1. Taking the residues in the stretch 56-96 that are small (Gly, Ala, Ser) and within 25 Å of Ala107 (Cβ to Cβ) as candidates, determine which candidate is surrounded by the most Cβ atoms within 10 Å (Cβ to Cβ).
2. Is at least one residue of the stretch 168-176 in contact with a Lys or Arg (Cβ under 8 Å, 6 or more places away or on another chain), surrounded by fewer than 16 Cβ atoms within 10 Å (Cβ to Cβ), of a type in the set (D, E, K, R) and over 20 Å from Thr29 (Cβ atoms)?
3. Could you say which residue among Leu99, Leu140 is surrounded by 14 or more Cβ atoms within 10 Å (Cβ to Cβ) and modelled with pLDDT of 95 or more?
4. Please specify each residue of the stretch 17-52 satisfying the condition of being surrounded by 12 or more Cβ atoms within 10 Å (Cβ to Cβ) and either assigned to a loop (DSSP other than H, G, I, E, B) or among the aromatic types (Phe, Trp, Tyr) (or both).
5. Pick out the one residue from Ser182, Ser121 that is of a type in the set (Ser, Thr, Tyr) and closer than 27 Å to Leu83 by Cα.
6. State which residue is nearest to the chain's Cα centre (by Cα) when the search covers only the stretch 88-145 and only residues that are part of a loop (DSSP other than H, G, I, E, B), among the β-branched types (Val, Ile, Thr) and more than 15 Å from Trp27 (Cβ to Cβ).
7. Just a yes or no: is a residue in the stretch 49-67 more than 20 Å from Pro133 (Cβ to Cβ), of a type outside the set (S, T, N, Q) and at pLDDT 95 or above?
8. What is the residue count in the stretch 146-167 for residues that are crowded, with 16+ Cβ neighbours inside 10 Å and not in a helix (DSSP H, G or I)?
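The values are calculated or read from the model by the stated rules, or taken from the named source; none is laboratory data. What you are looking at is a predicted structure, and each value in this text was computed from that prediction instead of being measured. Neighbour counts are summed over all protein chains in view; Cβ atoms, including those assigned to glycine, are modelled from backbone coordinates with ideal geometry.
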Amino acid sequence: MIMFTVNELIWNDLYRTEPLWGATATWKTVNRNLDYLIRRHGPNMNRAVALAREVQVRLESIFSLLDDLCAVTCPWCPDQCCLAAKVWIDFKDLLFLHLNGHQIPPAQLLADFKETCSYLSPKGCILPRFSRPWVCTWYLCPTQKANFRQKPNSVQDKFSRAVQAIKTGRKEMESEFIRIVS
């Protein structure tokens, strides 16, 4: 069995020539490795799991707003973000899924940058909201931003606070995991 070091699992480069873990065999190996590390460290993972659950609660708090924004923009968009975006599930996304016991997608979103997202259907993303990369959740296109600005200030503030808390929680979750397995 091929094992990756923690540094290899989290290595991320802005100038990638292919998506992280795009090959099916690599994707499966990375997921087996993460599953193994989480099981191996068992109770020591309690804080990392708690942080992942906090992130999940905060994500749930913004999903209805995001669904509403998507419903009024995405079906009529002539230039859907998902067709052009070159995003993938990163280490924090994958760690979040594993620590929360969510189903792991069968493959990375892209095998290479010449493709479009494997999970895009004519009706939008087929992945459950929790299984989508964080960037797919927080990104608002210009049309969505314009609609968002029409929301009451209290809604905008709540959303901004939740996004910041999610970013912080994801970073803390990753740091705790690395501390435990290193």
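1. Step one: of the stretch 56-96, the residues small (Gly, Ala, Ser) are 61, 64, 71, 84-85.
Filter once more, keeping what is within 25 Å of Ala107 (Cβ to Cβ): 84-85.
Details: Ala84: 9, Ala85: 17.
Among those that are small (Gly, Ala, Ser) and within 25 Å of Ala107 (Cβ to Cβ), it is Ala85.
2. Going residue by residue through the stretch 168-176, those that are in contact with a Lys or Arg (Cβ under 8 Å, 6 or more places away or on another chain) are 169-171, 173-174, 176.
Checking the rest, the ones that are also surrounded by fewer than 16 Cβ atoms within 10 Å (Cβ to Cβ) come to 171.
Then keep just the ones that are of a type in the set (D, E, K, R); that gives 171.
From what's left, over 20 Å from Thr29 (Cβ atoms): 171.
Taking every residue of the stretch 168-176 in turn, at least one turns out to be in contact with a Lys or Arg (Cβ under 8 Å, 6 or more places away or on another chain), surrounded by fewer than 16 Cβ atoms within 10 Å (Cβ to Cβ), of a type in the set (D, E, K, R) and over 20 Å from Thr29 (Cβ atoms).
3. On the way: Leu140 fails: modelled with pLDDT of 95 or more.
Criteria check complete, one pass: Leu99.
4. Kept after step one, since they are surrounded by 12 or more Cβ atoms within 10 Å (Cβ to Cβ), are these residues of the stretch 17-52: 18-24, 26-38, 41, 44-52.
Answer for the stretch 17-52, where residues must be surrounded by 12 or more Cβ atoms within 10 Å (Cβ to Cβ) and either assigned to a loop (DSSP other than H, G, I, E, B) or among the aromatic types (Phe, Trp, Tyr) (or both): Glu18, Pro19, Leu20, Trp21, Gly22, Ala23, Trp27, Tyr36.
5. Details: Ser182 fails: closer than 27 Å to Leu83 by Cα.
Criteria check complete, one pass: Ser121.
6. Within the stretch 88-145, the first condition is being part of a loop (DSSP other than H, G, I, E, B), and the residues that meet it are 88-90, 101-119, 122-123, 126-128, 132-133, 139-141.
From what's left, among the β-branched types (Val, Ile, Thr): 89, 104, 116, 126.
Now restrict to residues that are more than 15 Å from Trp27 (Cβ to Cβ): 116, 126.
Working: Thr116: 17, Ile126: 14 Å.
Step by step, filter the stretch 88-145, then rank; the result is Ile126.
7. Looking only at the stretch 49-67, we keep the residues that are more than 20 Å from Pro133 (Cβ to Cβ), and these are 49-50.
Next, only the ones that are of a type outside the set (S, T, N, Q) stay: 49-50.
In the following step, the residues that additionally are at pLDDT 95 or above were identified as 49-50.
Checking the stretch 49-67: at least one residue is more than 20 Å from Pro133 (Cβ to Cβ), of a type outside the set (S, T, N, Q) and at pLDDT 95 or above.
8. 0
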